Amino acid sequence: MVNSFLATIGKAIRSVNPDEVRGMADRKVHIGLMATSESRLNEMWFWLAPVEISEAKRQTLAAMVHPLGPQLPDMPPPPARLDLEIWEGGMRNKPENAFTYYPNDPQRTVDEILAKHDELGLALSRHYLPFRRTVSEKIISAICNENVLFSITTSLPNIVPSVLALPFAVGEFASDTAFLTVNQLRMAFLLAGAHDHPIGYRQQKAQVASVIAGAFGWRAIARELVSKIPFGGGVIGKAGISYAGTWVVGRSLERLYKVGGHLTPRERKNVYGEGLERGRQIAEKFMETVRAARVKK
């Protein structure tokens, strides 16, 4: 049984390609800055390249951040194509696709950019510190939500597909554990990319080993849950546990990549409890949708 389980996990792991994540993360994002004065332009620059980053990183960003006005001495002209333009608030003739820099609420600028350019999120987070927290949270929440939906799908296979088009092929995975493991590995690669860390199996050996070891824990818990009993029985608990386990992995990796440390046992317990409650709430709302769909039939 253990050998069969390991074979299943091994097959699932081979489906995760870190090169794809690396390609998205390493994409250069060229940003143009427009301001009314050199002092405001400097403020916007130091927002994107704060003092705590390394000089090497600052040089990298200097090649991707381009003043559009006022032009500074000895600065080369911006490239013909920019990925983003950020303008000081209140300026005339701001292009429709340009974003506003809010000096008293720069998080608003971050949120507005990510709302329209989700495809740039990973690269923006890797290169530009102001985007990191928000992108990291989005990654963790998205993977947790996928794992909850997958857990419900495998519990109610004849019902869920009729009310939700899941963004993954359930049949490609032999078990919940394989899918959860694959998704957590993908999350590990995405979080490494978002925090400007190396991406890959060799580069993240310890994190990969931790995720795979956790798969045995999920397998043991899942075996104790009765998921295919009268409608909804056991499903909420199973979904909550899948969310909580993924939530802990995500928050642990986030802490590691952010400050180089690990969650304490007490912190892990609190984070698990938080994830369990989040997962139950999401699962309950989804099950309400499923029940409503059954009634309409």
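The values are calculated or read from the model by the stated rules, or taken from the named source; none is laboratory data. All values derive from a computational prediction rather than experimental measurement. With ideal geometry, Cβ positions are generated from the backbone for all residues, glycine too; neighbour counts draw on all protein chains shown.
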Point to revise | Qualifying strands (runs of 3 or more DSSP E) (wholly inside region 37-142; at least 1 residues being touching a residue at least 40 places away in the same chain (Cβ under 8 Å)) | key: 84-88, 99-101
Check your understanding: Does region 122-140 contain at least one residue that is surrounded by 15 or more Cβ atoms within 10 Å (Cβ to Cβ), assigned by TED's automatic domain parsing to the domain that holds residue 48, more than 22 Å from residue 51 (Cα to Cα) and of a type in the set (Lys, Arg)?
Key -> no
Exercise for review: Could you list, in sequence order, all residues of region 68-106 that are of a type outside the set (Ser, Thr, Tyr), in contact with a helix residue (DSSP H, G or I) (Cβ under 8 Å, 6 or more places away or on another chain), farther than 17 Å from residue 127 by Cα and at pLDDT 95 or above?
Suggested key: 88, 99, 103
**Study point:** Selected residue [modelled with pLDDT of 60 or more and assigned to a helix (DSSP H, G or I)] from 239, 220
**Key:** 239
**Study point:** Residue under evaluation residue 3, criteria (1) over 30 Å from residue 213 (Cβ atoms); (2) modelled with pLDDT under 95, criterion not met
**Key:** (1)
Practice item. Kindly indicate the residue of region 162-213 that is acidic (Asp, Glu) and either within 21 Å of residue 20 (Cβ to Cβ) or modelled with pLDDT of 95 or more (or both) and also nearest to the chain's Cα centre (by Cα) among those meeting that condition. Key: 196
Review point. In region 74-87, is there at least one residue being over 14 Å from residue 30 (Cβ atoms), out of contact with any strand residue (DSSP E or B) (no Cβ under 7 Å at 6 or more places or on another chain) and basic (Lys, Arg)?
Key: no
Practice item. Return the total of residues in region 256-266 being part of a helix (DSSP H, G or I) and free of Cβ contacts under 8 Å to residues at least 12 places away in the same chain. Key: 3
